[in-house]
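Written below as structure tokens is the structure these notes are about.
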């Protein structure tokens with residue numbers, strides 16, 4: 001997982017119960033339209049079009065060292081080319097845990113997309 005510098009800091013903070021958690025009430029998946037390369041210094045998605053959606057009920061979930069985040073982008077949400085995504089702990093600000101640059105296609109008006117992210121914590 002391409003972890004940001006801020007993401008590494010929030011993991012350290014959460015280990016001693018500081019900072020905002022990435023729980024059902026605070027976790028968001030953000031998508032954007034930038035294909036700019038990953039830089040650990042990034043603190044937000046890089047696209048001119050970007051949007052965040054909160055978790056579906058029951059997410060994020062954990063199975064041992066694997067975390068699953070799932071958000072649904074409705075018919076009127078994020079209708080643009082999805083070239084990047086990240087996990088956040090706030091709907092407009094907060095900390096971007098990671099940023100992944102990959103082509104996920106173009107979401108168009110009238111379509112609903114469910115986006116699922118699995119993160120494995122490895123030693």
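Quick note: the coordinates plus some simple rules give every number you see, no bench work behind them. Remember, it's a predicted structure, so these values are computed and weren't measured experimentally. Backbone-built Cβ (ideal geometry, glycine too); neighbour counts: all protein chains shown.
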**Prompt:** Among 52-59, 105-112, 77-84, 8-15, what's the highest-first ranking by average C-beta atoms within 10 angstrom per residue?
**Reply:** 77-84, 52-59, 8-15, 105-112
**Prompt:** So what is the relative contact order of segment 38-115, in percent, for Cα pairs below 8 Å that sit 6 or more residues apart?
**Reply:** 33
**Item:** Cα-based helix-to-principal-axis angle, 5-15 vs the chain, degrees rounded to 10
**Value:** 50
**Message:** Given points 7 Å out from each Cα along the Cα-Cβ axis, report the residue 80 to residue 123 separation in nanometres with one decimal.
**Reply:** 4.2
**Complete:** Under the rule rounded for a/c under 1.5, else prolate if a/b exceeds b/c, else oblate, using alpha carbon gyration tensor axes a ≥ b ≥ c, segment 33-96 is classed as oblate
**Request:** Starting from the Cα of residue 112, move 7 Å in the Cα-to-Cβ direction to define the label point; list residues of segment 18-57 whose amide nitrogen is under 13 Å from there.
**Result:** 56-57
**Prompt:** Rounded to the nearest 0.05, what FRET efficiency do residue 104 and residue 39 have when you use their Cβ-Cβ distance and R0 = 25 Å?
**Reply:** 0.80
**Fill in**
From DSSP H assignment alone, runs of 4+ in the chain each adding -39500 (n - 2.57), the sum over residues rounded to the nearest 500 puts [θ] at 222 nm at -2500 deg cm²/dmol
